[in-house]
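As structure tokens, the structure follows; a few thoughts come after it.
The values are calculated or read from the model by the stated rules, or taken from the named source; none is laboratory data. Since we're looking at a predicted model, the values are computed, not measured. Cβ placement follows ideal geometry from the backbone for every residue including glycine, while neighbour counts extend to all protein chains displayed.
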Amino acid sequence: MHTIFRIADVRRNEGQYWKIILSLTSDTDPELMKLADHLRQEIGGGSHLQQLGNLMQKTGKFDRAKDMFSTERNITSERTWFEQIRFNHQLGYIFRENGEFVKALSYYEKALDIQKANLPKNHSSLAPIYNNTASVCYSIRDFSRALSFYKTALDIELKSLPSDHRNLSNTYNNLGSVHCSIGDYSIALQFFTKTLGIR
């Protein structure tokens, strides 16, 4: 671990200055170890650029995250299909959060194409990418595609998750929102009722 200090005290000195008292921590500091473990779980594995990109994404600095992921993608020539999915999915997420839905859709569709080429049709890891692709379609008001993607995600989730799983609740809610947006209120109500049954 690198040198890390804990802020012990902050006092106002004369004038405009502040006095900050720091204390050196050690590698065996239990609070520091707990924080480091938590950050490792939150940020995930991969290269240093991937980890930094994940950190930027978690802190809402999407432009910086995009730079990290793009740089990593450009300097790594050989990558597994799984890594390609992850990069495209992360870039899709970043563009979606920035409101650049057309770019987000492009990256999500690339990730989906790679997953479909390498996994069985109803593999459980396809559901999140279908959900994310559907959310972008919903944002650009392409409700028919959003419905199609959400229904596919729901079919996969119903086969792979327990009936009270939170992801099912989210997908039911999203389907209800799409049906509400297109004026199918009775169908929307059915999905919203299923959502409430899980929550």
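Pairs under 9 Å by beta carbon, first residue hydroxyl-bearing (Ser, Thr, Tyr) in segment 118-133, partner not in a helix (DSSP H, G or I), six or more apart or different chains?
From segment 118-133, the pairs are Ser124/Leu161; Ser125/Leu119.
Against the definition (assigned to a loop (DSSP other than H, G, I, E, B) and at pLDDT 90 or above), how does Gly99 come out, yes or no?
Taking the combined requirement at face value, the residue satisfies it.
Which ranges mark the helices (runs of 4 or more DSSP H) fully within segment 118-199 that have 1 or more residues being of a type in the set (D, E, K, R)?
Fully inside segment 118-199 and qualifying: 143-160, 166-181, 185-198.
Any residue in segment 5-21 that's closer than 24 Å to Leu32 by Cβ and at pLDDT below 85: show its pairings with residues that are β-branched (Val, Ile, Thr) and in a loop (DSSP other than H, G, I, E, B) at Cβ separation under 9 Å, as long as the two are six or more apart or on different chains.
Phe5/Thr25; Arg6/Thr25
May I ask you to list pairs of residues, at least six apart or on different chains, whose Cβ atoms are under 7 Å apart, with the first in segment 86-101 being in the same structural domain as Asp63 (by TED's automatic domain parsing) and the second being in a helix (DSSP H, G or I) and among the charged types (D, E, K, R)?
Close Cβ pairs satisfying both conditions: Phe87/Arg73; Asn88/Lys110; Leu91/Lys66; Ile94/Lys66; Phe95/Lys103.
Please tell me if Lys151 is of a type outside the set (Val, Ile, Thr) and outside the structural domain of Asp184 (by TED's automatic domain parsing).
Judged against the criteria, Lys151 is not a match.
Just need a number here: residues in segment 85-135 that are within 21 Å of Met68 (Cβ to Cβ) and loosely packed, with under 15 Cβ neighbours inside 10 Å.
Residues flagged as within 21 Å of Met68 (Cβ to Cβ) and loosely packed, with under 15 Cβ neighbours inside 10 Å within segment 85-135 amount to 3.
If Leu119 passes every condition in (1) touching a Ser or Thr at 6+ places or on another chain (Cβ under 9 Å); (2) under 17 Å from Phe95 (Cβ atoms); (3) of a type in the set (A, V, I, L, M) but one, which one does it miss?
(2)
Out of all the residues in segment 43-61, which are over 14 Å from the mean Cα position of the chain (by Cα) and modelled with pLDDT under 70?
Hits for segment 43-61 are Gly45, Gly46, Ser47, His48, Leu49.
Go over the candidates Arg64, Arg40 one by one and state the one that is at pLDDT 75 or above, closer than 30 Å to Gly92 by Cβ and part of a helix (DSSP H, G or I).
Of Arg64, Arg40, the one residue that is at pLDDT 75 or above, closer than 30 Å to Gly92 by Cβ and part of a helix (DSSP H, G or I) is Arg64.
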